Amino acid sequence: MALVELRGVTKIYDLGGEKIHALAGVDLDIESGEFTSIVGPSGSGKSTLMHILGCLDTPTGGAMSIDGIRVEKARPKELARIRNRKIGFVFQFFNLLPRLTVQQNVELPLIYMGYSAARRRERAMEVLGLVEMDNRSRHRPSQLSGGQQQRVAIARALVNEPRIIFADEPTGNLDSNTGEKILQLFHELHAGGRTLVLVTHDPDIAGLTPRRIEIRDGRIADEVDTRLVRGTEQSRFALTRDDRDAVGDSPREA
Amino acid sequence: MDFGAVIANSIREIKGHPVRSFLTMFGIILGISSLVAMNAVVKGMENGLKEALIEMGGMDKFEIGEEDELPDYQAHLGDQIPGLTMADVYALQASAPLLSQITPAVEMSRWNSRLSVRHEGRFARPYRLYGTWPSYMELEDHHVQHGRMFNDIDEEMANSVCVISTGIRDDLFGSPESTGEEVIPVGRTIFINDMPFEIIGMFQHYETETERKERLERMRLIREGKIKAPSNGSISRQGSFIYRLKNNSIFIPLRTMLIKFMSSKSEEPEPVQRIDTINVRVPDLESLDASIQQARNVLMITHRGIEDFSFRTEEDMAEEVQLTIRNYRVSGAVIAGIALVVGGVGIMNIMLASISERIREIGICKAVGATDAAVFNQILIESIFLSIIGGIIGLAASQAVIALISSLTPTDNTPEVTGASLIFALCSSVMVGILSGIYPGLKASRFSPMEALKYE
Ligand SMILES: Nc1ncnc2c1ncn2[C@@H]1O[C@H](COP(=O)(O)OP(=O)(O)OP(=O)(O)O)[C@@H](O)[C@H]1O
Ligand SMILES: [Mg+2]
């Protein structure tokens, strides 16, 4: 069983009569240790999918499980627990609490895990070290640059040792230089064995992740998995999802 | 979840908006301080009542006074009212065996007649001058500390003697605090309405235990020169009303009073001589009602059926005071209740404003794992925290309120803040915090993380 499994997941927004099919049936498996990027035009449903993956939102239809736990029928309390223990989420706009210090922001998930103040501090400083922000632990978000804020947000997403990290356009608000550093951090995390899912507009960024998913009109339109074309450096030689379906060797059809 | 973190967060919220938080707490501060202050005032009054009942020498007695207003069916007899006379006293003595002691009294006070008391250019301000029989001392539980009480011979001879209380001494001869020693003016002559009277006795100084301690301490400090002696301070005009009354009285024999001040010419008090009150002691509290009935029967005959007299028991007095106390308590509770409700609404309002301001933050907390319950608790505890702080400030402010009340209406009784009222006040503020935090807490906790994060 894959770490994350989606079967026929839909999300329909009902705007007073007019129904918007933000997700129109998504099947997706994410294995532990994968680094996946999601691309697609604006409004295609990338964020909607990420929010459902991150258990911040619930699907309208379909089935979904994370780490073996069924999510679509879970009660709010269970979802909170999954978000707390299994998931790290990195937002485009950082979403740090402005009145808390860097360290307190990173400690936040641990508070809800019931860590003692001393252990929270220790663990927070540990991950802040990982993102090279431990020297700014007493600063407030407003005293940091965008890239630094995003590092802190990544530290917060790492602090609970999540099974999977979701990042919705983490570099969208950063200049390309800073964004690159953040991406480098993601690649290091991947190299360290972590599972990551990344939404991006930038084909160059997507080109560097081992697995790429393209979303169009709320559906997975295309998928590239470089691991299936080992030895090939250029993605245009890679097998598409349709190709795999044709040869019938997709691991996800098992 | 970690309680310390929640509290830290609450403190941060309050610090983030100090003015707003204070305004929010204002209602609570007002409510709690008036609650405590009212409680203290009421407690003081109750203390005063208890003191008074003891100082007035028990409940097993009643007072017969004149009643100007006749019952409706006798209104036309208004010009024939006999009034209380010595004849009534004699009749009661003869025909009301239940009454164990009957004491007539005539009262002159600063308020209803000209009353000047002087000694060598100094004037006293007695609350009352009483002409009565020696037995009156028992009724009011007086104790002569220096000299003696006038006796039946003084009464018989209508001697110009008086027994004074310490307040009169303070006025005429100086208080122990101003003179540095206790003056005992027994044997001196003073002038009451320009007529000479010999002081034959002085009562003890009436005061509570705490007043006594404070007075002795003050005396010690004066003697050691630590504080300055007051030039003419009379300590006898402090304390609750009953003490002030007892400490500012002059007693003379009834006949002396009648002859010297009521222009009675005869040697023997005539039966027609008007008096103010007849004070009756009964054997015990159980026979009080029967005794009153007996006295009424006798007086109905001597007054030819005209009911121009009334009976006043200590119970009546206690009831009056208790009614006043109850009124105070009810109005205090209403004021405090309204203030607390207003305070609670204020807190709820602020909490609602604060959560719509913080919806994004709430969304972030939920995104990293805060459960609905954790969010609810956070809001609830913040609200309780606000109202407890308000409550504590209110407790401090209550001192000011008590001082204000005491200065506006100088009651006879020092307000007393009890521990129970403090605890009750704190519990009330916690209750207000809980009640006003529930709705905002529920509202905040119900947002889904996505709704909250997208909220603008
Ligand atoms: N809360 C909402 N209510 C109604 N419609 C919504 C809501 N959220 C998203 N949508 C709609 O769902 C569709 C998918 O939106 P989504 O935000 O997932 O797109 P996206 O791929 O992330 O786009 P972008 O690249 O611009 O971020 C859009 O048509 C959007 O208008
Ligand atoms: Mg998006």
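The values are calculated or read from the model by the stated rules, or taken from the named source; none is laboratory data. Computed from a prediction, not measured in an experiment: that's the story for all the values here. When we count neighbours, we look across all protein chains shown, and the Cβ atoms used for this are built from the backbone with ideal geometry, even at glycine. Keep in mind that these areas ignore ligands, DNA and RNA; they rest on the heavy atoms of the full protein, side chains included. Shrake-Rupley method; radii C 1.70, N 1.55, O 1.52, S 1.80 Å.
Tabulated results
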{"quantity": "Residues within the range B:47-85 that are surrounded by fewer than 17 Cβ atoms within 10 Å (Cβ to Cβ), within 15 Å of the chain's Cα centre (by Cα) and of a type outside the set (K, R), tallied", "calculated": "2"}
{"quantity": "Failed item in (1) in a helix (DSSP H, G or I); (2) farther than 30 Å from B:I359 by Cα; (3) in contact (Cβ under 8 Å) with a residue 12 or more places away in the chain; (4) not charged (D, E, K, R), with B:I64 passing the rest", "calculated": "(1)"}
{"quantity": "Filter result (within 16 Å of ligand 1 (Cβ to nearest atom) and part of a strand (DSSP E or B)) within the range A:126-184", "calculated": "A:F166, A:A167, A:D168"}
{"quantity": "Yes/no for A:R70 being farther than 19 Å from A:K181 by Cα and more than 8 Å from chain B (Cβ to nearest Cβ)", "calculated": "yes"}
{"quantity": "Exclusive hit being closer than 23 Å to A:L23 by Cβ, open to solvent by less than 20 Å² (accessible area, probe 1.4 Å), more than 14 Å from chain B (Cβ to nearest Cβ) and away from ligand 2 (no atom under 16 Å from the Cβ), set A:T200, A:T209", "calculated": "A:T209"}
{"quantity": "Matching residues in the range A:185-197 - criterion: being under 20 Å from A:A2 (Cα atoms) and either open to solvent by 40 Å² or more (accessible area, probe 1.4 Å) or within 13 Å of ligand 1 (Cβ to nearest atom) (or both)", "calculated": "A:H190, A:A191, A:G192, A:G193, A:R194"}
{"quantity": "Checking A:G172 against (1) within 16 Å of ligand 2 (Cβ to nearest atom); (2) open to solvent by 50 Å² or more (accessible area, probe 1.4 Å), the condition it does not meet", "calculated": "(2)"}
{"quantity": "Inter-residue pairs, beta-carbon under 8 Å, first on the phi > 0 side of the Ramachandran plot and touching a residue at least 12 places away in the same chain (Cβ under 8 Å) and in the range A:23-48, second more than 16 Å from ligand 2 (Cβ to nearest atom) and of a type in the set (S, T, N, Q), 6+ apart", "calculated": "A:G25/A:T10; A:G33/A:T195"}
{"quantity": "Test set (1) modelled with pLDDT of 90 or more; (2) more than 26 Å from B:V89 (Cα to Cα) - B:D154 fails condition number", "calculated": "(2)"}
{"quantity": "Where B:G369 falls short, out of the listed (1) surrounded by 20 or more Cβ atoms within 10 Å (Cβ to Cβ); (2) assigned to a helix (DSSP H, G or I)", "calculated": "(2)"}
{"quantity": "Residue check, B:G419 buried (at least 22 other Cβ atoms within 10 Å of the Cβ) and more than 30 Å from A:Y13 (Cα to Cα)", "calculated": "no"}
{"quantity": "The listed residue being within 24 Å of A:F186 (Cα to Cα) and either within 9 Å of chain B (Cβ to nearest Cβ) or free of Cβ contacts under 8 Å to residues at least 12 places away in the same chain (or both), out of A:L128, A:L108", "calculated": "A:L108"}
{"quantity": "In the range A:33-55, the residues that are more than 13 Å from ligand 1 (Cβ to nearest atom) and closer than 25 Å to B:A370 by Cα", "calculated": "A:C55"}
{"quantity": "Residues being over 19 Å from the mean Cα position of the chain (by Cα) and crowded, with 19+ Cβ neighbours inside 10 Å - total across the range B:314-347", "calculated": "7"}
{"quantity": "Members of the range B:126-160 that are assigned to a loop (DSSP other than H, G, I, E, B) and under 21 Å from B:I54 (Cα atoms)", "calculated": "B:Y127, B:P134, B:S135, B:E140, B:D141, B:H142, B:H143"}
{"quantity": "Residue in the range B:380-394 that is within 14 Å of chain A (Cβ to nearest Cβ) and open to solvent by less than 50 Å² (accessible area, probe 1.4 Å) present", "calculated": "yes"}
{"quantity": "Residues located in the range A:113-166, provided they are surrounded by fewer than 16 Cβ atoms within 10 Å (Cβ to Cβ) and within 23 Å of the chain's Cα centre (by Cα)", "calculated": "A:E126, A:G129, A:E132, A:S145, A:E161"}
{"quantity": "Residue within the range A:87-103 that is out of contact with any strand residue (DSSP E or B) (no Cβ under 7 Å at 6 or more places or on another chain) and farther than 23 Å from A:T178 by Cα present", "calculated": "yes"}
{"quantity": "Looking only at the range A:47-65, and only at residues there that are surrounded by fewer than 23 Cβ atoms within 10 Å (Cβ to Cβ) and away from chain B (no Cβ under 14 Å), the one that is farthest from A:R194 (Cα to Cα)", "calculated": "A:G61"}
{"quantity": "Residue count for the range B:362-377, restricted to those that are within 10 Å of chain A (Cβ to nearest Cβ), farther than 11 Å from B:F447 by Cβ and not aliphatic (A, V, I, L, M)", "calculated": "2"}
{"quantity": "Count of the range A:4-27 residues which are more than 18 Å from A:K73 (Cα to Cα), open to solvent by less than 50 Å² (accessible area, probe 1.4 Å) and away from ligand 2 (no atom under 16 Å from the Cβ)", "calculated": "1"}
{"quantity": "Residue check, A:N95 of a type outside the set (K, R), within 16 Å of the chain's Cα centre (by Cα) and not in a helix (DSSP H, G or I)", "calculated": "yes"}
{"quantity": "Pairs where the first residue, in the range A:77-94, is within 8 Å of another protein chain (Cβ to nearest Cβ) and open to solvent by 20 Å² or more (accessible area, probe 1.4 Å) and the second is away from ligand 1 (no atom under 16 Å from the Cβ) and part of a loop (DSSP other than H, G, I, E, B), C-beta under 6 Å, 6+ apart", "calculated": "A:K77/B:T371"}
